[in-house]
Ligand code: PLP
């Protein structure tokens, strides 16, 4: 069997969830959209089912996978519904929905449902992606509140730049949120991972942590709270071939690495089709049998190459960690044209092993 695999540490996931929950205002929806950021939504949700206050996914399709697997806790649809005909299905499967656009308010007004649907009304406080505008928010809340088939639950918004710890724009978003929701009943939810970790003044009743659950810091710089996170995924594989090259020889596509001295190159069964970033640069850290090493040459679809010159004991069969406990995902991100979010979501083809 191909040795590439991702080990998923569910105890670390639970540890990170507990940290997120302890920072929030009491309750936290574990964000498990996009197959739990590549970690496997069903297994991750099942591991958190007993302690999580609920889960958040992008859409009904993702929620139904969780319900089908026996997840009974509340599930919030972050993108809400896409057409009014989905609304009975939301009730049937006990799903909560975000309402983020005027057409959704109108769709709810035109619909009659046999029982109240739980709604989180989203404000566009300045990110300008989805959300009801600040001037229209209170009116939208009141219109929905008047419907017998709607239970207005939470006032929510989302930050665009909470990962920048001194960002005036985030303060403006908070002020806009406070002004637009003033006097309305309901609970508050504004925190994603960077806001939970870095913006204590933003904490509301419900947090919505995603990235931090998987043990990855949302910040580019060191951060005390983020340092308490434990990595959940370890991506690893093995050396499948070794090349002894003299000085001056190119390695891989595009000759992006040329040996400066006699070099031992190890070929690892892991490529960009598995989710490893194609444009990770020469020198990106890896761990070879537990010792620090480096990537050399362009990453191929199914293989990548590492420098084994200073690893005389290593050879075919040596274990190579691409990220996890020894090499942080953030270190790989810093050496690739990608983000932590995309790094994790891109993982595919490799089997996930749970512990
Ligand atoms: N809330 C909303 C509305 C989101 O779209 C996301 C993720 O994109 C999250 C929460 C979780 O964000 P993070 O992964 O930064 O914690």
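Of note:
- Segments classed as strands (runs of 3 or more DSSP E), wholly inside the range 1-87, with at least 1 members that are away from the ligand (no atom under 16 Å from the Cβ) and more than 15 Å from the chain's Cα centre (by Cα): 5-8
- Qualifying residue in the range 141-154 (condition: within 16 Å of the ligand (Cβ to nearest atom) and crowded, with 17+ Cβ neighbours inside 10 Å): yes
- Any hit, the range 182-192, residues being crowded, with 18+ Cβ neighbours inside 10 Å, modelled with pLDDT of 95 or more and more than 20 Å from residue 56 (Cβ to Cβ): no
- Qualifying positions in the range 207-245 - closer than 11 Å to residue 13 by Cβ and more than 11 Å from the ligand (Cβ to nearest atom): 215, 229, 230, 231, 232, 233
- Filter result for the condition that a residue is at pLDDT below 95 and either under 22 Å from the mean Cα position of the chain (by Cα) or within 13 Å of the ligand (Cβ to nearest atom) (or both), over 204, 198: 204
- Residues of the range 120-139 satisfying the condition of being surrounded by 15 or more Cβ atoms within 10 Å (Cβ to Cβ), within 30 Å of the chain's Cα centre (by Cα) and farther than 30 Å from residue 217 by Cα: 134, 137
- Residues in the range 23-47 that are modelled with pLDDT of 95 or more, surrounded by fewer than 19 Cβ atoms within 10 Å (Cβ to Cβ) and on the phi < 0 side of the Ramachandran plot: 27, 42, 43, 46.
The values are calculated or read from the model by the stated rules, or taken from the named source; none is laboratory data. A quick note: this is a predicted structure, and the numbers were derived from the prediction, not measured. A quick note on method: Cβ atoms are made from the backbone with ideal geometry, for glycine too, and the neighbour counts reach across all protein chains shown.
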